[in-house]
């Protein structure tokens, strides 16, 4: 097939797509703060309508879900999953430009959500524009499932998916993200860890106490929290909750084979984060890759208690809390971890430690030898000029499992990210060159998938 | 002696004194934030000058020290120690009135520092006014030592005291605070615990990491901190730093006798703080009083790391820190604790945990049978109509030991506080009635002390 017209369209109209992305970035949509979600959903819906999609915005108990569909030439249906919410921009002082403003500099674009996930969404729209402009019709039916709580564990997506299975029905799904590694090789991520995100909180009195008065006789919420946390994981990274590791499906020999084929991730991590070693002293290579994604975690994401300002304040805190993120590998389940955690805390005398569940989801995987995976991998080679690297499992999480369990379809990744995209961190960014390549890749996936045999 | 004219002056001019206090409260002077200290020192100095004191404001490496002196009739010299700095007002949302505004309501005055320690300072000035107005002369020489870093462990007072011993020379000292218990009995506090205030901090990377990527392979600053803290104290309140308890002088039988004579503090604490039991399940009485002040502490005053906003953020924190306050009993020394802490952390593999010393001071005690103590106790009975209760040691800290070590004089307390004064907490307050009684008590101390035999 002659890709010249499509590729030319994508190149020549890049600024139009970037302008659309700028509109989305300028609309803060921080799900953790319930900020601007409705507004951002409407902006995204408008963009889909403009392309001839029929759009439905469905309220949920949380942020609205945007569903869109446009019929195509063949009987095939491709589902895109994206999200319009973003991570909080804090710490603001570490940004080099205003987080909610698309700023171009030296071939990069900066802004909160520019990669995760607003840029992915608009680059896909851009691919669709290119096909419609050059062909007049989509090669297959295209559906978009766009949610607004991905960054807070997609707490309400299940209620939507569960009641919209016929509407969502598709033959394959392209997940929210994707991109290249530090060597420019496109990456195919075929699995996501699950997650169970909780907040542990303790209250020991109705108000803080002067530490001179209280230190010897009043319970201290911060100490209670530290002792409770300490029972969860030891210094060798062993998670101490009974039964936590019971259901784990270890990586297969095929997983290891795929991991062995990938480059060593250690140098790039060391360089980017200024570290000199990894947990458990793992040197790198396939061992590090397997540890990175096939082990469950218990990560403290935040601690808060008492006085946190400058200098000293002699206070005994009445309240303390920790945010904790458990990443789950196949076949763990968040509900089970939550139950185990409660039992564990109670067994250790920490029934005073309350658990607030901030959401979770199961892990998911797609067979690396599925025909759709092969199609996406082959298209990538055309666009990037180098083979796509297949990663059997990744460390992140998403509502992948909800969709996979409900629709039973392969889920692939294809996108615009790169290793220094700074997702979830200050100065989140995307390279314009990769934005363009991402759109070209999506255009090819649509075309070949639409015309592929069953 | 006829106290009617002095007492009448104190009563009739109360509003004048309260106006002066309002001026001081309206000047934020938060030493933890280096806020308004110079300004507040100048205001206090001006108030002393107005009363005929010769005043000297001495810069230190931190906040300035205000020293004032006015000669009196006898050869005796009484030294008042006060401080013009206050605790931070946070958490602001728990105040019922603006913290830096004196608000009167139902016989109480509210505001940050209204008790600790601005109200104590102005009530003493008010007593001096009453004596000058009725007698024309002070019965003894009066000196004021007024510092601006008491709430941050008086880090620079030692450098001042050390180089001003002849100037500070006195026969006795009235310390910054004092007041009544929940039954209205005036209290005599004869000792202060020492303090060693530190911040522990850990940095594991040059930036936060996405918890999905990093959880299994990157060190987590929050976990490092939790594990390090956990080695400091166990759930039974045993401080685990080797040698920590070595130098402790246990309470004497005289200490226990004095504690036995005091009422049970348990009911008031339970009621005020909404708690139902104390550490180590101590029921109350002298046992609780002894535990409260004769045991050293290791109090977490604050914890901070990672995301602390609403909801969830999936981040692996690169930085974490804890503020910790060790209270020291006789004969512990802060420098020694600091050294032991460093050695302990290193021995447990936490050389990555940095210690920032925010200041400290040694514990101090005054003999309960000193003649000046008896004079102050007798004066109190006249003013309050009930006997003063003698407390051999208290839980708080102050630069008491610096003054006592340098001048070798008895140090007593006499003041305006009450158990719900909320020092260091929101809605700090003073009862106007006790403010007046405090001034009357100081007037008597001055008069009897000035005319006492050597």
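The values are calculated or read from the model by the stated rules, or taken from the named source; none is laboratory data. Just so you know, these numbers come straight off a predicted model, no measurement behind them. Ideal geometry is used to build each Cβ from the backbone, glycine not excepted, and the neighbour counts take in all protein chains shown.
Things to note:
- Residue-level analysis places residue B:174 among those that are surrounded by 24 or more Cβ atoms within 10 Å (Cβ to Cβ), touching a strand residue (DSSP E or B) at 6+ places or on another chain (Cβ under 6 Å) and more than 14 Å from every other protein chain (Cβ to nearest Cβ).
- Within the range A:57-79, being in contact (Cβ under 8 Å) with a residue 24 or more places away in the chain and part of a strand (DSSP E or B) holds for A:58, A:65, A:66, A:67, A:68, A:69, A:70, A:77, A:78, A:79.
- Considering B:415, B:438, B:450, B:361, the condition of being touching a residue at least 40 places away in the same chain (Cβ under 8 Å) and under 22 Å from residue B:299 (Cβ atoms) is satisfied by B:361 alone.
- Sole residue being modelled with pLDDT of 95 or more and within 8 Å of chain A (Cβ to nearest Cβ), chosen from B:326, B:278: B:278
- Residue in the range A:112-133 that is part of a loop (DSSP other than H, G, I, E, B), over 18 Å from residue A:437 (Cα atoms) and touching a helix residue (DSSP H, G or I) at 6+ places or on another chain (Cβ under 8 Å) present: yes
Okay, residues lined up against (1) over 16 Å from the mean Cα position of the chain (by Cα); (2) more than 24 Å from residue B:326 (Cα to Cα); (3) buried (at least 24 other Cβ atoms within 10 Å of the Cβ); (4) more than 14 Å from chain A (Cβ to nearest Cβ):
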| residue | (1), (2), (3), (4) |
| --- | --- |
| B:390 | yes, yes, no, yes |
| B:402 | no, no, no, yes |
| B:405 | yes, no, no, yes |
| B:416 | no, yes, yes, yes |
| B:425 | no, no, no, no |
| B:431 | yes, yes, no, yes |
| B:434 | yes, yes, yes, yes |
| B:445 | yes, yes, yes, yes |
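- Contacts under 9 angstrom Cβ, first residue in the range A:293-312 being on the phi < 0 side of the Ramachandran plot and outside the structural domain of residue A:224 (by TED's automatic domain parsing), partner at pLDDT 95 or above and outside any loop (DSSP other than H, G, I, E, B), 6 or more apart: none
- Residue match in the range A:194-207 (condition: in contact (Cβ under 8 Å) with a residue 60 or more places away in the chain, in a strand (DSSP E or B), buried (at least 21 other Cβ atoms within 10 Å of the Cβ) and facing chain B (nearest Cβ under 7 Å)): yes
- For the range B:88-108, the criterion of being assigned by TED's automatic domain parsing to the domain that holds residue B:413, touching a helix residue (DSSP H, G or I) at 6+ places or on another chain (Cβ under 7 Å), in contact (Cβ under 8 Å) with a residue 60 or more places away in the chain and within 24 Å of residue B:155 (Cα to Cα) is met by none of the residues.
- Scanning the range A:345-384 for residues that are buried (at least 20 other Cβ atoms within 10 Å of the Cβ) and assigned to a helix (DSSP H, G or I) yields A:345, A:372, A:373, A:376, A:379, A:380, A:383.
- Residue match in the range A:237-255 (condition: part of a helix (DSSP H, G or I) and surrounded by fewer than 17 Cβ atoms within 10 Å (Cβ to Cβ)): yes
- In the set A:225, A:258, A:229, A:341, only one residue is touching a strand residue (DSSP E or B) at 6+ places or on another chain (Cβ under 8 Å), assigned to a helix (DSSP H, G or I) and more than 29 Å from residue A:401 (Cβ to Cβ); that residue is A:225.
- Selected residue (criterion: surrounded by the most Cβ atoms within 10 Å (Cβ to Cβ)) from residues of the range B:281-293 that are assigned to a helix (DSSP H, G or I) and at the interface with chain A (Cβ under 8 Å from one of its Cβ atoms): B:293
- Number of positions in the range A:22-56 that are within 14 Å of chain B (Cβ to nearest Cβ), assigned to a loop (DSSP other than H, G, I, E, B) and in contact with a helix residue (DSSP H, G or I) (Cβ under 6 Å, 6 or more places away or on another chain): 1
- Residue within the range A:244-252 that is under 25 Å from the mean Cα position of the chain (by Cα), touching a residue at least 40 places away in the same chain (Cβ under 8 Å) and within 9 Å of chain B (Cβ to nearest Cβ) present: no
- Scan of the range B:306-323 for residues that are buried (at least 24 other Cβ atoms within 10 Å of the Cβ), at the interface with chain A (Cβ under 7 Å from one of its Cβ atoms) and either in a strand (DSSP E or B) or over 35 Å from the mean Cα position of the chain (by Cα) (or both), ordered by number: B:306, B:312, B:313, B:314, B:315, B:316, B:320, B:323
- Of residues in the range A:182-193 being touching a helix residue (DSSP H, G or I) at 6+ places or on another chain (Cβ under 8 Å) and more than 24 Å from residue A:301 (Cα to Cα), the one nearest to the other protein chains (Cβ to nearest Cβ): A:182
- Taking (1) more than 22 Å from the chain's Cα centre (by Cα); (2) surrounded by 24 or more Cβ atoms within 10 Å (Cβ to Cβ); (3) under 28 Å from residue B:209 (Cβ atoms) in turn, residue A:146 satisfies each apart from (1).
- Taken over the range A:214-242, the criterion of being free of Cβ contacts under 8 Å to residues at least 12 places away in the same chain and either more than 9 Å from chain B (Cβ to nearest Cβ) or within 21 Å of residue B:284 (Cα to Cα) (or both) is satisfied by A:216, A:217, A:238.
- Output for the range B:385-416, where each listed residue is more than 19 Å from residue B:127 (Cα to Cα) and assigned to a loop (DSSP other than H, G, I, E, B): B:386, B:387, B:388, B:392, B:393, B:398, B:399, B:408, B:409, B:410
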